[in-house]
Amino acid sequence: MSLVRLDHAGRLWALNTPHSTYVIGVAVAAGTDEVAVLQQYWGASLTPSAAREAAAMPAGPGNSSGAGRHETSFSRPAEIEELLPVDGGLRWGVPALQVTVDRVRSLELRFVRVDPVCEDDADRLDITLEDRAFPIEVVLHTRVYTDSDVIARWVTLRHRATRETAVKVSRLDSGSWFVPDAEDYRYRAVCGAWAEEGQLQQGRLPVGELTFTSRQGITGHHANPWIMIGGPDVGEEHGEVWSVALAWSGSWRMTTTRRPEGGTAVTAGFGHEGVRWTLPAGAELVTPMILGRYGADGFGGTSRGWHDHVRRRILPAGDEDRPVLYNSWEATGFEVTAPEQLSLARRAAALGAELFVVDDGWFGRRDDEHSSLGDWWPHRKRFPDGLRGLFDGVRALGMGAGLWVEPEAVSPDSDLYRVHPDWVLHLENRRRDRKRDQLVLNFARAEVRDWALEWLDRLVADLRLDYLKWDMNRPFTQAGWPDSGRSHDCVWIEHTRHIFHTMAALRDRHPGLRLEACAGGGGRLDLGILHYTDQAWPSDNTDPVDRQTTQHGVSQLYPANVMSTWVTDSPNANTGRSTPLRYRFHVAMAGVLGIGADLSRWSPEELEEAGAMVEQYKAVRRTIQHGRQYRLGGRPGVERSGLQYVLDDQVVVLVYNPRGNAKSGPRWLRLIGLDPDALYEVAAGGDPHGAPGRLAAASRWHGSTLMAVGVRPTAWEPIGADYRSDLILLRRIPG
Ligand code: DGJ
């Protein structure tokens, strides 16, 4: 049973996932009727009686009842164990809920009721609280699933007055999670920048507050809304890890608070500091979901748990195999013309591409980045007869049809802006600063949202599109909505919600349509957008060596089937680095393979090699996109490193050696997650340059040997050229 009441009064509950238990208790503060909802345990699965004991135990491992800590007149350590610490009462930490009513910024919540709710394959617990004096109601929702260790939480805030009282919300997080006491903590998160997204950051969690955030109205390139925290000895494949991720694609903030007395909390939600919302009488504000997962199998096991959850519970079509696509952005830039695109399409189809995506430059008078966003009709000079002929040609070649759009953007030099200058985010008496010569359309406005849905719907229907790449290249600034009669800050939430709404409605109208999320590279990759999209573009930097570090960061939370990866030209357009075609393919094969090169410049030999690589990818893509993924060690892009994917009887191993003469990185590649007693063999179509190293003499090896000794890839031989790589394919022999 996933939801278990642990006491008679119904104030103590255990929520069970397949491998973990989460205990929530409603505690009344001594001498008052004020309550705090506490996380009283989060860790390995416990029976109900053990969960009861754990909740009663003072500050034991996994337990968080504040007793046993050093409480002074200057501190109350237990406040970080609350599911939603409010600004009010005896609290001085990060407020997850901060509301001002009638000029009073202080909440005192009392218990109203607990509602257990059984859903199809999930159970939910709703705890309702209300303020003692103000018409404010808060509902804490927690959901557990039968098939996932990820726990989902969110909050509903209601203004229950029938007449207007001024309620200002300056913070409403989705929740706070408590990571139990440990002598020290190690964390993982990613940071980065444009063309350098997803750089893994790991280290000791400092005592104090550590904040990752985006103030851009999009998820952002600089951080990603998740964190993983383990004890001092946690490693890739061992140790307990508590991880938290926010499902939101606008501005956000995530703060860890590590207290000197022990214990750490992770508090996160939408919006950033300074943003305020007014809640009218009768209205409610519902937060995005915050998801938490406990696991005892290191960072690698944590990643695999998230991958499963994303594929099964978040993605709209998580079980589908993603097609091999071709995109001409790096080949042609804005110079898209029907004959040239068709000629690229012919070459792409010959290589085995299954989807052809026309990128930026097909609309309005778009010859460069200075005009036409908003004018979503075919460029009259480039496509005098429209795009139908081009896509008919693409379909005749056996490929699906895809198109780039940037629905949230508008160029000041566009017909749309000339007619609707008020449709952009702006403030009275302030400039409208441009970036990439564009402004952001205010999707919080219903007419903008409806206009976008209408033209997108028409475009998809007219051109019979299978795929849209939805880009967004401009963070919010001067973000306001002067004629709304509401507070400007409402745009920070409603813009994102209406993006989600538009994507959902579009999918509803076109069930076969698939979407790719992109924001100038990896600026909008998160668990919010993945509810509505199928894959995401992690970075505009397609240099395979740089891409390895980005993909390593992306793989921490997101499965391979959401990560778009292209093979592009050499030298690379971003870095000028030259790399072999084979290395570029092997890096791109670690996700959803695509080709983004100028194929008219590839030699017949290169085209032949590429065709063979695409064919090989198709033979293993189910395993890569849907299998269990193991990061085998080595710093990707820096030294010898390897990746492994296992699904049913197939094992795919990708190995890389960026520096031929490197002395660092593992020399032997020990595989993980195999059946120790089963026999494995190198399958046909495996490493085209010979069997995997020293064990090649034998034709079959036990899983136990491959895990205990490993293989020594030929690409890892000590002296050799830079940028050597292999794909080793193993098959478990039945029986
Ligand atoms: C940014 C994207 O990340 C690129 O892939 C490309 O689509 C350009 N925008 C087009 O303007």
Practice task
State all residues of region 326-367 that are aromatic (Phe, Trp, Tyr) and open to solvent by less than 10 Å² (accessible area, probe 1.4 Å); if no residue qualifies, say none.
Solution key: TYR326, PHE356, TRP362, PHE363
Problem - Checklist (1) in contact (Cβ under 8 Å) with a residue 60 or more places away in the chain; (2) in contact with a helix residue (DSSP H, G or I) (Cβ under 8 Å, 6 or more places away or on another chain) applied to HIS495, failing item - result: (2)
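HIS309 - would you say it is touching a Lys or Arg at 6+ places or on another chain (Cβ under 9 Å) and assigned by TED's automatic domain parsing to the domain that holds VAL150?
Spelling it out, HIS309 is indeed touching a Lys or Arg at 6+ places or on another chain (Cβ under 9 Å) and assigned by TED's automatic domain parsing to the domain that holds VAL150.
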Exercise for the section: Please work out which residue is surrounded by the fewest Cβ atoms within 10 Å (Cβ to Cβ), limiting yourself to region 278-313 and to residues that are β-branched (Val, Ile, Thr) and out of contact with any Gly (no Cβ under 9 Å at 6 or more places or on another chain). Expected result: THR278
Fill in the blank from the handout: Per the list (1) among the polar types (S, T, N, Q); (2) over 23 Å from GLY269 (Cα atoms); (3) crowded, with 18+ Cβ neighbours inside 10 Å, residue check on SER45 breaks on (3)
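So is GLY512 away from the ligand (no atom under 16 Å from the Cβ), surrounded by fewer than 19 Cβ atoms within 10 Å (Cβ to Cβ) and modelled with pLDDT under 95 or not?
For GLY512, the condition - away from the ligand (no atom under 16 Å from the Cβ), surrounded by fewer than 19 Cβ atoms within 10 Å (Cβ to Cβ) and modelled with pLDDT under 95 - is not met.
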Practice task
May I ask you to verify whether GLY220 is open to solvent by less than 20 Å² (accessible area, probe 1.4 Å), in a loop (DSSP other than H, G, I, E, B) and either in contact with a helix residue (DSSP H, G or I) (Cβ under 9 Å, 6 or more places away or on another chain) or farther than 26 Å from HIS498 by Cα (or both)?
Solution key: no
Fill in the blank from the handout: Per the list (1) away from the ligand (no atom under 16 Å from the Cβ); (2) more than 34 Å from the chain's Cα centre (by Cα), residue check on LEU427 breaks on (2)
Practice task
Would you list the strands (runs of 3 or more DSSP E) that sit entirely within region 176-216 and hold 1 or more residues that are among the β-branched types (Val, Ile, Thr) and in contact with a helix residue (DSSP H, G or I) (Cβ under 9 Å, 6 or more places away or on another chain)?
Solution key: 186-191
Problem - Filter result for the condition that a residue is modelled with pLDDT of 95 or more, among the basic types (Lys, Arg) and under 28 Å from MET503 (Cβ atoms), over ARG346, ARG395 - result: ARG395
Problem - Looking only at region 586-610, and only at residues there that are part of a helix (DSSP H, G or I) and in contact (Cβ under 8 Å) with a residue 60 or more places away in the chain, the one that is surrounded by the fewest Cβ atoms within 10 Å (Cβ to Cβ) - result: SER600
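Conditions (1) surrounded by 22 or more Cβ atoms within 10 Å (Cβ to Cβ); (2) within 25 Å of HIS221 (Cβ to Cβ); (3) within 16 Å of the ligand (Cβ to nearest atom), marked per residue:
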position: GLU447; (1), (2), (3): no, no, no
position: LEU463; (1), (2), (3): no, no, no
position: ASP466; (1), (2), (3): yes, no, no
position: ASP483; (1), (2), (3): no, no, no
position: GLU494; (1), (2), (3): yes, yes, no
position: HIS498; (1), (2), (3): yes, yes, no
position: HIS501; (1), (2), (3): no, yes, no
Exercise for the section: Go through region 636-658 and count every residue that is within 23 Å of GLN201 (Cα to Cα), of a type outside the set (Gly, Ala, Ser), in a loop (DSSP other than H, G, I, E, B) and touching a residue at least 60 places away in the same chain (Cβ under 8 Å). Expected result: 4
Fill in the blank from the handout: ASP526 meets each of (1) part of a helix (DSSP H, G or I); (2) more than 14 Å from the ligand (Cβ to nearest atom); (3) open to solvent by less than 10 Å² (accessible area, probe 1.4 Å) with one exception, condition (1)
Problem - All positions within region 409-452 that are among the basic types (Lys, Arg) and closer than 18 Å to ALA519 by Cα - result: ARG434, LYS435, ARG436
Exercise for the section: Sort out which residues of region 612-667 are under 29 Å from LEU351 (Cβ atoms) and β-branched (Val, Ile, Thr), and write them in order of number. Expected result: VAL614, VAL620, THR623, ILE624, VAL646, VAL651, VAL652, VAL653, VAL655
Practice task
Within region 285-342, track down each residue that is within 16 Å of the ligand (Cβ to nearest atom), in contact (Cβ under 8 Å) with a residue 40 or more places away in the chain and either not acidic (Asp, Glu) or not in a helix (DSSP H, G or I) (or both).
Solution key: LEU325, TYR326, ASN327, SER328, TRP329, ALA331, THR332, VAL336, GLN341
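Quick check: is even one residue across region 265-280 of a type in the set (Asp, Glu), at pLDDT below 95, out of contact with any His (no Cβ under 7 Å at 6 or more places or on another chain) and not in a strand (DSSP E or B)?
Yes: one or more hits.
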Exercise for the section: Mind listing whichever residues of region 175-197 are open to solvent by less than 10 Å² (accessible area, probe 1.4 Å) and small (Gly, Ala, Ser)? Expected result: GLY175, SER176, ALA189
Completion exercise
Flagged in region 95-128 as modelled with pLDDT of 95 or more and outside any strand (DSSP E or B), in numbering order, are PRO95, ALA96, ARG105, SER106, LEU107, GLU108
Practice task
Determine whether TRP92 is open to solvent by 50 Å² or more (accessible area, probe 1.4 Å) and among the aromatic types (Phe, Trp, Tyr).
Solution key: yes
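Looking at ALA182, ALA189, which one is at pLDDT below 95 and within 20 Å of THR302 (Cβ to Cβ)?
ALA182
For every residue, the table says whether it meets (1) modelled with pLDDT of 95 or more; (2) assigned to a loop (DSSP other than H, G, I, E, B); (3) under 34 Å from the mean Cα position of the chain (by Cα).
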| residue | (1), (2), (3) |
| --- | --- |
| MET1 | no, yes, yes |
| VAL4 | yes, no, yes |
| ILE24 | yes, no, yes |
| ASP33 | no, yes, no |
| TYR41 | yes, no, yes |
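Out of region 379-437, which residues are among the charged types (D, E, K, R) and assigned to a strand (DSSP E or B)?
LYS435
Let's see how each residue does on (1) open to solvent by 10 Å² or more (accessible area, probe 1.4 Å); (2) within 14 Å of the ligand (Cβ to nearest atom); (3) under 17 Å from ASN327 (Cβ atoms):
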position: GLU369; (1), (2), (3): yes, yes, no
position: LYS381; (1), (2), (3): yes, no, no
position: ASP385; (1), (2), (3): yes, no, no
position: LEU390; (1), (2), (3): no, no, yes
position: LEU397; (1), (2), (3): yes, no, yes
position: GLY402; (1), (2), (3): no, yes, yes
position: GLU408; (1), (2), (3): no, yes, no
position: SER411; (1), (2), (3): no, yes, no
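The values are calculated or read from the model by the stated rules, or taken from the named source; none is laboratory data. The structure displayed is predicted, hence computed values, not measured ones. Quick reminder, even Gly has a Cβ in these numbers, built from the backbone with ideal geometry, and neighbours come from all protein chains shown. To get the accessible areas, we keep the full protein, side chains included, count just its heavy atoms, and leave off ligands, DNA and RNA. Shrake-Rupley method; radii C 1.70, N 1.55, O 1.52, S 1.80 Å.
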